[in-house]
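What follows is one structure encoded as structure tokens, with my remarks underneath.
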Amino acid sequence: MLKWNSTGTPTRLLILFIGVLTVACVRNPPLAQPDNPTQPSDTETAASSKPTTPPTPTTLPERLPELPTIVEEDLFLTRTLEELNRESPLEPAFFEYDSSELNEISRGILETSANILNRYQNWVVTIEGHCDERGTPEYNLGLGERRALAARNYLVELGLEQNRLRTVSYGKEFPFDPNHDESAWASNRRAHFVITAK
């Protein structure tokens, strides 16, 4: 049991104890609470815990963009004259022996050539008249000229401008086939197309 003496020691101890408590409370004040505390919702908590990633589309587009296609006629526009003549879209028209008359097959070939030339309005062609090796050089030069003119005249009838069509005769000087038989001679009797400008 504490005894109070005249020095007032317990009183001093009590005051000292109260002072220590006050200092401790001042050094560690209680945390301030917000006026209206709100708890995060479950969706907010889940969203904050996951990394953000872009959403994945659930459906594919109806059709993918198409790459531009190069159609065959566009390829002709990019080729040089040498390339065009090496892989010419214009086929030669063939003739019977000692004739400059166009037959049904030759007219069909020339009609196809007319369609191609109508598509490429800038092309200028030279129609070469050729013959087989039989006959004199003079005679074959004349026959070759008649064959080239027959092809040109038919193309003009089909609507092509005459100034785009030139003619020349080579007679028997430049055969397709250098052999000396009926098959070779048939290949050499022709009106041959050379694209000279585009």
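Since every read-out is calculated from the coordinates, none of them should be taken as a lab result. Just so you know, these numbers come straight off a predicted model, no measurement behind them. Methodologically, a virtual Cβ is constructed for each residue, glycine included, from the backbone with ideal geometry; neighbour enumeration extends over all protein chains shown.
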Mind listing the Cα extents of region 75-197 along all three principal axes, in Å, largest one first? 39, 28, 24
The ³J(HN,Hα) series, computed from each phi in region 185-194 with the Karplus coefficients 6.51, -1.76 and 1.60 at θ = phi - 60°, rounded to the nearest Hz and given as x for glycine or proline, is 4, 5, 5, 8, 8, 7, 10, 10, 9, 10
Listed highest first by mean packing, meaning other Cβ atoms within 10 Å per residue, what order do 109-118, 126-135, 171-180 come in? 126-135, 109-118, 171-180
Simple spin-label model, 7 Å along Cα-to-Cβ: Asn103 to Asn118 in nm? 2.6
Amide H contacts under 5 Å for Glu133, restricted to residues at least 5 apart in sequence or on another chain and with H modeled in the peptide plane, are none
